[in-house]
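Undergrad: I have a structure here, written as structure tokens, and I will follow up with some questions on it.
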Amino acid sequence: MCGARHGSSEAGGPVARGMLAGLSAKTGQTERAQELVRELGDGSVYGTPLGLVFFHLLSNDLNGAAEWLRKAIEQRVSVLFLYSFFPLVEPLRASTHWPALARMMNLP
């Protein structure tokens with residue numbers, strides 16, 4: 001497999017890791033979820049806040065998702081606009097957090 005370990009999160013970027021962490025938590029694999037979140041770190045590496053957005057969305061934590069989305073906006077994550085309209089983000093878009101986040105992204 002060209003050096004990649006099967007089942008490893010090494011092949012995925014921050015969004016894949018965040019989603020896998022959220023799904024792992026939902027299925028009771030809390031140690032795996034925590035390991036993946038640790039891999040994302042403190043969010044200072046470019047793009048990692050977006051992975052943490054998806055982890056928090058899958059964990060039903062809109063406050064956490066909104067905070068990490070703010071950080072992703074501040075980092076000017078290039079794919080942010082695209083991901084903002086994924087169905088998984090609908091609860092955040094329907095929340096009281098969205099108007100301020102949309103303004104930060106210059107959305108109507």
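The values are calculated or read from the model by the stated rules, or taken from the named source; none is laboratory data. Only a predicted model underlies this, so the values are computations on that prediction, with no experimental measurement involved. Heads up, the Cβs are rebuilt from the backbone with ideal geometry, glycines too, and the neighbour counts pull from every protein chain shown.
Undergrad: Filter region 62-108 down to residues that are loosely packed, with under 15 Cβ neighbours inside 10 Å and acidic (Asp, Glu) and give me whichever is farthest from residue 27 (Cα to Cα).
TA: Step by step, filter region 62-108, then rank; the result is 74.
Undergrad: Here's another thing I want to ask about it. Cβ contacts < 7 Å: first residue within 13 Å of residue 46 (Cβ to Cβ), restricted to region 63-92; second residue β-branched (Val, Ile, Thr) and surrounded by 11 or more Cβ atoms within 10 Å (Cβ to Cβ), any location; separation 6+ or different chain. Result?
TA: 72/53; 80/73
Undergrad: Sticking with this structure for a sec: Taking the stated definitions as given, is residue 8 among the polar types (S, T, N, Q), at pLDDT below 95 and either touching a Lys or Arg at 6+ places or on another chain (Cβ under 8 Å) or more than 17 Å from residue 88 (Cβ to Cβ) (or both)?
TA: Spelling it out, residue 8 is indeed among the polar types (S, T, N, Q), at pLDDT below 95 and either touching a Lys or Arg at 6+ places or on another chain (Cβ under 8 Å) or more than 17 Å from residue 88 (Cβ to Cβ) (or both).
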